[in-house]
Every structure is written in C-alpha cells, then in structure tokens.
C-alpha cells in the first residue's frame, strides 16, 4: 500500500491521523492528543484521503550510496585492492640462512591478501581512535603517530600494489 506524507486515515483505536513518516515496514501517524504512533503497514485502518507525492519515493541510487557509506564507516569491508600484474601467480620464497633447512614458499596472492587485511585493520583502528569518547586530542594524536610509523614500516610492500593510491604512506618527514 502506497501512502504519501499528509495522507489521512481513521484508525479503530487511535482515531483520525495524518501520515508523518514512512518506513519499509510501517507508517508513523500523528494522532490528535496521542502524538506520533507507529503502525504496521498491514494494520487495520481506513484511508480517508490518500496523498502521494512522486518525490517521496526512495531513490535506489541514494539507498546504495547511503549503504556504501555506512559499510565503509562501520565495518572493515573495503574496495578491492589490486595486486600488480607482474606478481600474479608468483611465490614468496623465505630461505633460512642455514641452507640445510627447508625454505618456505608462499603464494604471493596469499601474502598480498594478508598485507591488505593488515592495512585495512589499521584503518579501522584509526577510525576507532578518532571516534573514541574517552581519549583526549593529545592521546589521539599520539596513537595516530604510532599508526603512521607502522605504515612507514610497511612501505617495503608497496611494490606489490597495482595502484599508487593503495600504497602505505608513513611520515613524509622521515626519509
């Protein structure tokens, strides 16, 4: 059932009301003397005056944009990060100094995935520090400096990334 803001109804329990808001599963009506009451869309009421404004529809683009922003801000889901073409199918070989010991070979895609996960978790940690309510600004800056130094330590792995925008960047004053 499609009702627009301003539609009037008669509810058996609350009386006459005017639609104030619409959610995916309910309507919020303003009833005189009773305030705003949320009613399920399948609840029993009589429509007295139906009003519908085309502009009230939810734009799928706006919904996708909002969901993407929420996921970026409140989860560790990120855009895919691409590995450089020359590394695809390669292996990382870790050879002990003692040649009698067996070397360890790791698919470079596995190693790259772990590096990207590390970077993404550092970003989430940064967000949590910035949003922390009990840390003062000086403490937040101090923790951010540690994270920046961690990024600087990881710049060696930038050769694996396809795009410069995905690189680790440390403190630019330290060279």
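Some notes on this structure:
- Residues located in segment 84-108, provided they are at pLDDT 90 or above, surrounded by fewer than 14 Cβ atoms within 10 Å (Cβ to Cβ) and assigned to a helix (DSSP H, G or I): 86
- Hits in segment 1-33 (condition: more than 15 Å from residue 45 (Cα to Cα) and over 38 Å from the mean Cα position of the chain (by Cα)): 32, 33
- Restricting attention to segment 32-66, the residues that are within 14 Å of residue 8 (Cβ to Cβ), modelled with pLDDT of 90 or more and outside any strand (DSSP E or B) total 1.
- Residue in segment 114-131 that is within 26 Å of residue 80 (Cβ to Cβ), modelled with pLDDT of 90 or more and in a strand (DSSP E or B) present: no
- Per-region count, segment 118-134, residues without any contact (Cβ under 8 Å) to a residue 24 or more places away in the chain and either more than 20 Å from residue 149 (Cα to Cα) or loosely packed, with under 13 Cβ neighbours inside 10 Å (or both): 6
The values are calculated or read from the model by the stated rules, or taken from the named source; none is laboratory data. The model shown is predicted, which means the values in this text are computed figures rather than measured ones. When we count neighbours, we look across all protein chains shown, and the Cβ atoms used for this are built from the backbone with ideal geometry, even at glycine.
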